[in-house]
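Down below is the structure, laid out as structure tokens.
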Amino acid sequence: QQDHAQAARWYRAAADQGQADAQFNLGVCYEKGEGVEQDHAQSVRWCRAAAEQGYAEAQFALACFLAQPMGVVTHTEDHPEAMRWCRAAIDQGYHQAYALQARLLLVLPHVGAEEAKEAAGLLRRAH
């Protein structure tokens, strides 16, 4: 536990200086409650800060958080933002984002042939 607390302090110091990898790792600490009290709002805050700097893993993590309230992909007001962050991760070659983007496309209201075709292409790239 002491090691986690020390790591969180180091991540916080670097995150406050704008280091994207430290911001992401601090967000993970908050999400898991490792070294800090678990706080989902702080987790999102720090992941978003890293994502906005182009950190692909943070972009994907943020997309997952926005897309999966309670662990289920649903159509919520956060859905377009989740798709945007997922696309940003894909644009950087973050492989895990392909399958999530496909799932997000398939839960759009009134999924059409074009969305289904795009989702199929993304799933092919994911495997």
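The values are calculated or read from the model by the stated rules, or taken from the named source; none is laboratory data. Owing to the predicted nature of the structure, the values given are computational and were not obtained by experimental measurement. These accessible areas exclude ligands, DNA and RNA; they are computed on the full protein's heavy atoms, side chains included. Shrake-Rupley method; radii C 1.70, N 1.55, O 1.52, S 1.80 Å.
Rolling a 1.4 Å probe across the protein heavy atoms gives the chain an accessible surface of 57 Å² per residue. Considering only alpha-carbon pairs that sit under 8 angstrom and 6 or more positions apart, the relative contact order computed for the stretch 1-41 is 40 percent.
Only Cα pairs under 8 Å and 6+ residues apart enter the sum, and on that basis the relative contact order of the chain stands at 15 percent.
Secondary-structure-derived ellipticity at 222 nm for the chain, considering helices only, amounts to -22500 deg cm²/dmol, per-run term -39500 (n - 2.57) for DSSP H runs with n ≥ 4.
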